[in-house]
1. Restricting to region 48-79, what's the tally of residues that are farther than 14 Å from W121 by Cβ, under 12 Å from the mean Cα position of the chain (by Cα) and not in a loop (DSSP other than H, G, I, E, B)?
2. Name the residues in region 109-122 that are open to solvent by 20 Å² or more (accessible area, probe 1.4 Å) and either assigned to a helix (DSSP H, G or I) or not charged (D, E, K, R) (or both), would you?
3. Could you grab me the full set of residues in region 53-78 that are among the polar types (S, T, N, Q) and at pLDDT 95 or above?
4. In the set S31, S63, which member is within 18 Å of F108 (Cβ to Cβ) and of a type in the set (G, A, S)?
5. For residues that are over 18 Å from D42 (Cα atoms) and in a loop (DSSP other than H, G, I, E, B), tally how many sit in region 80-108.
6. Scanning region 22-52 for residues that are acidic (D, E) and within 15 Å of L103 (Cα to Cα), which turns out modelled with the lowest pLDDT?
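The values are calculated or read from the model by the stated rules, or taken from the named source; none is laboratory data. Predicted, not measured: the structure shown is a model, and the values here were computed from it. Here Cβ is always computed from backbone atoms with ideal geometry, including for glycine, and neighbour counts include all displayed protein chains. To get the accessible areas, we keep the full protein, side chains included, count just its heavy atoms, and leave off ligands, DNA and RNA. Shrake-Rupley method; radii C 1.70, N 1.55, O 1.52, S 1.80 Å.
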Amino acid sequence: MKQLTLTLSLLLVLFLSSCSDQSNSEITVVSTEEMETLLKLDDVQLIDVRTEKEHQKGHLALSQNIDFNSPTFDEDIKKLNKLKPVILYCQRGGRSAKCAKKLKDAGFVKIYDLKGGFSKWQHHKLDLKLKKTTS
């Protein structure tokens, strides 16, 4: 009986510790409306994970461009503060979802991913920085 109680106690401790590790880092997919609210916070890091060329054509105001497909991506994200919230976006949501997973694995505490990406944001005509075209 003591053996069974000890085994169950050990399993419970292992289960609880693994659950607490997972709660240290989370990814939250947010709508454009939710993201507008998040951007009003002072301590967020807004990251555009599209290519530099895509970023130059238009991007969210105050975003930092870190190309997810760049060979230096893993080094570039090390420059971010893991304790501050990170908001990610790409063109439609695929790359930012993959990036969010990488950031979670790297130990970032709070990660937000814009549902629908830049396309959705642009569709809602929210705060953008667009490249001016010359005629």
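1. 1
2. Taking region 109-122 as the starting set, the residues that turn out to be open to solvent by 20 Å² or more (accessible area, probe 1.4 Å) are 109-110, 112, 115-116, 119-120, 122.
Correct list: V109, Y112, G116, S119, K120, Q122.
3. Here is the first cut: in region 53-78, the residues among the polar types (S, T, N, Q) are 56, 63-65, 69-70, 72.
Scanning region 53-78 gives Q64, N65, N69, S70, T72.
4. One residue alone meets the criteria, S63.
5. 6
6. Within region 22-52, the first condition is being acidic (D, E), and the residues that meet it are 26, 33-34, 36, 42-43, 48, 52.
Now restrict to residues that are within 15 Å of L103 (Cα to Cα): 26, 48.
Numbers: E26: 87, D48: 97.
For region 22-52, the residue satisfying everything is E26.
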